[in-house]
1. Where Rh is the Kirkwood radius over the Cα pairs of segment 224-291, the temperature 20 °C and the viscosity 1.002 mPa s, what D in µm²/s does Stokes-Einstein return?
2. Can you tell me the accessible area per residue over segment 154-231, all protein chains present, probe 1.4 angstrom, in square angstrom?
3. Per residue, how big is the convex hull around the C-alpha atoms of segment 116-228? Give it to me in cubic angstrom, could you?
4. Given q = 0.30 Å⁻¹, what are the Debye log10 I(q)/I(0) values for segment 296-335, with equal point scatterers placed on the Cα positions and solvent ignored?
5. For segment 370-377, in order, what is each residue's ³J(HN,Hα) by Karplus, 6.51 cos²θ - 1.76 cosθ + 1.60 with θ = phi - 60°, in whole Hz (x at glycine and Pro)?
6. Would you mind classifying segment 271-328 by shape? Square roots of the alpha carbon gyration tensor eigenvalues, ordered a ≥ b ≥ c; an a/c under 1.5 is rounded, otherwise it is prolate if a/b is larger than b/c and oblate if not.
7. Explain nothing, just the number: relative contact order of segment 316-415, from Cα pairs under 8 Å at least 6 residues apart, as a whole percent.
8. Label Asp372 and Lys411 with points 7 Å out from Cα along Cα→Cβ: what is the distance between them in nm?
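The values are calculated or read from the model by the stated rules, or taken from the named source; none is laboratory data. The model shown is predicted, which means the values in this text are computed figures rather than measured ones. A quick note on method: Cβ atoms are made from the backbone with ideal geometry, for glycine too, and the neighbour counts reach across all protein chains shown. These accessible areas exclude ligands, DNA and RNA; they are computed on the full protein's heavy atoms, side chains included. Shrake-Rupley method; radii C 1.70, N 1.55, O 1.52, S 1.80 Å.
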Amino acid sequence: MEQYEPDSLSAAQVAAMRRSATSGRGALTRRSLLRASGMGALAVGGLGTLSACGIPPAKREGESPASDDHSAKEKRISFSNWTEYMDVSEDEKSRPTLEAFTKRTGITVKYTEDINDNVEFFGKIKPQLAAGQDTGRDLICVTDWLAARLIRLGWAQKLDPANLPHAFANLSPQFRSPDWDPGRAYSYPWTGISTVIAYNSKATGGKKVDSVSQMLEDPSLKGKVGFLSEMRDSIGMTLLDSGKDPGKFSDDDFDATVARIQKAVDKKQIRRFTGNDYTSDLSKGDLAACLAWAGDVIQLQADNPDIKFVIPDAGYITSSDNLLVPAKARHKTNAEKLIDYYYEPPVAAELAAYINYVCPVEGVREELAKIDESMATNTLILPDKAMAAKSRAFRSLSSKEETAYEEKFAKLIGA
């Protein structure tokens, strides 16, 4: 049975995408300026490029047509990524890990930071993919929901495990089998993004804040609690706190979670719903506790010793940015070699030391310690086994579910 994408986006979905790009998960730390500015060009008309012309029938299994691979004769690769998502030398004139890859393999990398926003990028590559044409890119890095869509549409190539020995062996268990790509047949994570509880110990009077229940109900926190304007994070963390699995929840579970958060809104327990602009309020103490992204917390702790974080006993939400080979890419084998290269622990450590996101590579701790001991012991970069075991992913949504859920969430947060 074939699956179809919607012909248009609902107003709630458009609003959610704008929130994500300008202040939400799409505006995280190192990528904030470019992601935010990218959405400025996406007025309602711009978003129309995503869906106004309709999308061809999608394939549940995501099998893209076989492509001619020119890797053996053409020792090159074109890699599209987000800004500030690759290590650079101190003089900012070179990219050490990419240069080392070329020196070892003879494969030159055309590295382009041309992904400003998932929605904008999808609009950019969709016409060629829909027409069965090469996008001019051999490797792309997109967030999990867009990776899921590209696979579902049959616009990503299935990877050859024979070319990915390090990736297959060293991928962290918590990232091994997302519901949108079981067994990682089409993708490998570049980084992980964790949603945690952050609090200002000075603002809480030294009290630890360690659960969503406490955030929603503790009278001492009234008016000083922040939740996120990203649906999957706020709903997902509250589902976990309620004993529900974000990977398997029902419509009734979603509605009950919205009602639970609404109760806290009505009692003015929640001060506001934020993008990553919570960072200033948390540092100042205007927010005593909030849901936060790990990348931000690492930066905040460097400047403010009062900022603490907690992984709730109930668990936490993890998302990922992912490497895929687009359909019709000319250099699939070369792209696979580059993916595999970044799963070698010394290389992964060099990358993690620069970008500070969750590293999805097992066995990297000793290598990272050689670079920076504090990073090697930071569980926001390298989750230990106990923390990794608590990670949960928000399940993939059908088009109908996404529309309905975003509309309900928009009402909750007053968007």
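1. Values: Rh = 12.4 Å.
Once the numbers are plugged in, D ends up at 172 µm²/s.
2. With the other protein chains kept in place, segment 154-231 gives 37 Å² per residue.
3. Numbers: hull volume 18.7 nm³, N = 113.
In segment 116-228, the Cα convex hull volume per residue is 166 Å³.
4. The Debye formula, applied to the Cα set alone, gives -1.03.
5. 5, 8, 7, 4, 5, 5, 5, 9
6. Verdict is prolate for segment 271-328.
7. Details: 67 pairs, mean separation 27.2, N = 100.
It rounds to 27 percent for segment 316-415.
8. Label-label distance for Asp372 and Lys411, simple model: 4.5 nm.
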